[in-house]
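Below is one structure, written out as structure tokens, with a few remarks after it.
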Amino acid sequence: MTRLIKAALALVLLVAGATAATAQTRELTLDEEYMLQRISQHNTEIRTMAGRFVQVDSQGGRTEGVFWLKRPNHIRFRYGPPSREEIISQGRGFYVINREERSQYAYNQEHVPLRQVLGDEVNLMTSNLTDVVMSETHVSVSLVDDTPIGTVQVSLIFERETLDLAQWSLIEPSGVETTFSIYDTQKNIDIPDSYFYIDPTYSQVQR
């Protein structure tokens, strides 16, 4: 598995952590609680989304691509050249696709809790919050979450005016930090189910 795919898997885990039903460790002010409720409701109402992403790791590596999200339980990350890999979830698992090798390998949904971010509801109030910082332009939500790769430290950045998720970053148990930004997004557009199709002729491999 390439480094960029490992990072993307970790990023999916961190977003899932943002909606996981874990105990809250940070007592919120009334203003913070109100803002998180607004952000949660706004993002729940986004049923589909497409856009571009930039992924940057702590070694300075930078990769770009496009993504499609469709609630519930569908997401696709397609990395730009020279990569030929994609990440696709259809709600039954999480698949890494190599278009050049015409291969696929899967992670069980229970090992990649993607269903929690792709479900019908986003609820930041049930996250394992450690801090909330509100500026004039952005809201930063920090949390920690126990995932299959270990405990990760997470930062989610939302635009204060639009309430949209703009960026998230994580620090993995190994100390590697990865930042993922999205832009040129379109929301609540028609995305056919065929966008999440996995060619059944691709060989299944074990990694």
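Observations, loosely collected:
- Of everything in the stretch 29-57 that is farther than 30 Å from ASP193 by Cα and surrounded by 15 or more Cβ atoms within 10 Å (Cβ to Cβ), the residue that is modelled with the lowest pLDDT is ASP57.
- Considering only residues in the stretch 163-185 that are modelled with pLDDT of 85 or more and exposed (fewer than 12 other Cβ atoms within 10 Å of the Cβ), the one that is farthest from the chain's Cα centre (by Cα) turns out to be ASP184.
- In the set (1) at pLDDT 90 or above; (2) in contact with a strand residue (DSSP E or B) (Cβ under 7 Å, 6 or more places away or on another chain), the condition left unmet by LEU118 is number (1).
- Top-ranked residue of the stretch 148-162 - restricted to ones that are loosely packed, with under 15 Cβ neighbours inside 10 Å and among the β-branched types (Val, Ile, Thr), ranked as farthest from ILE88 (Cα to Cα): THR162
- Among the criteria (1) over 23 Å from ASN73 (Cβ atoms); (2) modelled with pLDDT under 85; (3) not small (Gly, Ala, Ser), the one GLU136 does not fulfil is (2).
- Of the candidates ARG84, ARG76, the single residue that is in contact with a helix residue (DSSP H, G or I) (Cβ under 6 Å, 6 or more places away or on another chain) and among the charged types (D, E, K, R) is ARG76.
- Inspection of the stretch 101-110 identifies no residue that is small (Gly, Ala, Ser), at pLDDT 85 or above, loosely packed, with under 13 Cβ neighbours inside 10 Å and over 17 Å from the mean Cα position of the chain (by Cα).
- Residue match in the stretch 186-193 (condition: within 30 Å of ASP31 (Cβ to Cβ), acidic (Asp, Glu) and modelled with pLDDT of 90 or more): no
- Residues in the stretch 161-189 that are under 14 Å from GLN55 (Cβ atoms), acidic (Asp, Glu) and assigned to a loop (DSSP other than H, G, I, E, B): GLU172 alone.
- Being in contact with a Leu (Cβ under 8 Å, 6 or more places away or on another chain), in a strand (DSSP E or B), modelled with pLDDT under 90 and more than 19 Å from THR162 (Cβ to Cβ) is a property that holds for SER142.
- When the stretch 186-197 is filtered for residues that are of a type in the set (Val, Ile, Thr) and either crowded, with 16+ Cβ neighbours inside 10 Å or within 18 Å of the chain's Cα centre (by Cα) (or both), only ILE191 remains.
- Near pairs, Cβ below 6 angstrom, 6+ apart or cross-chain, from the stretch 77-106 (at positive phi) to any residue that is surrounded by 16 or more Cβ atoms within 10 Å (Cβ to Cβ) and of a type in the set (Ser, Thr, Tyr): ARG102/TYR202
The values are calculated or read from the model by the stated rules, or taken from the named source; none is laboratory data. Please read all numbers here as calculations on a predicted model, not as lab measurements. Note: ideal-geometry Cβ built from the backbone for every residue, glycine included; neighbour counts use all protein chains shown.
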